[in-house]
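First up is the structure itself, then whatever we jot down about it.
Quick note: the coordinates plus some simple rules give every number you see, no bench work behind them. Not measured: the values here are computed from a predicted model. Ideal geometry is used to build each Cβ from the backbone, glycine not excepted, and the neighbour counts take in all protein chains shown.
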Amino acid sequence: MSLSTPTLVTTRLRLRPFADTDADDLFALQSDAHVLRYWDSPPWTDRARAGKFIARSQEMAQEGDGVRLVIERNSVFLGWCTFNSWNPEFRSASLGYCLGEAAWGQGYATEAAGALLAWAFDTLDLNRVQAEADTRNAASARVLEKLGFELEGTLREDCVVNGDVSDSWVFGLLRREWLARQRGTAGT
């Protein structure tokens, strides 16, 4: 089952499908060692990775297991977000995002991820969304908490990148919790 890759518009942002013309901006983001210091893979050194990533983004939607969207403001590339590992039988999926340093601390990750979650919960009859963050990445954990995710546990030493071993937090968000937050009611 293929997924229709949406274009989403928020107050300040536009989330849209990747295009081949995004390759330079994507490579600049994914090759930045500071931006990727908490990532689960090393920074890119081969520009061809950008083309492969964009092609895979298009394949994800065709294969029906997720979508990746560019996050832009005023036509400027800020980063990307993803909704992947969609399992229609379990009604579950994973959320992720990566933004350039110039976009940090301005609420863009929360705004973009919130828009993607709203689309996913409305479109795909989800029951659960999971997200992971390196335990050293307090800013990403705050984004997830603002969106209503609950910290569920720690994956000990689950990533080894260039010899650096790290732990990851696992966060979960249930449909009933998302809906309660959208209605502005407390509790789940």
query = region 1-106: percent of C-alpha pairs farther apart than 22 Å?
reply = 31 percent
task = Quickly estimate the mean residue ellipticity at 222 nm for the chain, helices only: each DSSP H run with n ≥ 4 gives -39500 (n - 2.57), and the total goes over all residues, rounded to 500.
result = -9500 deg cm²/dmol
key: Zone residues, region 39-61, relative to residue 164, backbone N less than 19 Å from point 7 Å out along Cα-to-Cβ   = 39-46
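Taking only Cα atoms of the chain, what ratio of Rg to Rh do you get with Rh as the Kirkwood inverse-distance radius? Could you put the intermediate results ahead of the total?
Details: Rg = 16.0 Å, Rh = 17.0 Å.
Ratio of gyration radius to Kirkwood radius for the chain: 0.94.
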remark   = In nanometres, the difference between 0.36 nm per residue of separation and the alpha-carbon distance of residue 2 and residue 157 is 52.3 nm
key: Length added when fully stretched, residue 41-residue 58, from 0.36 nm per residue minus Cα-Cα   = 4.0 nm
request  = With a point put 7 Å past each Cα toward its Cβ, work out how far residue 94 is from residue 138 in nm, to one decimal.
outcome  = 2.6 nm
task = State, in angstrom, two size descriptors of region 127-188 derived from its alpha carbons: Rg to one decimal place and Dmax to the nearest whole number.
result = 13.6, 45
task = Apply 1/(1 + (r/R0)^6) to the Cβ-Cβ distance of residue 125 and residue 33, taking R0 = 41 Å, and write down the FRET efficiency to the nearest 0.05.
result = 0.55
ask   = So what is the relative contact order for the chain, in percent, with contacts set as C-alpha pairs under 8 Å and at least six apart?
value = 17 percent
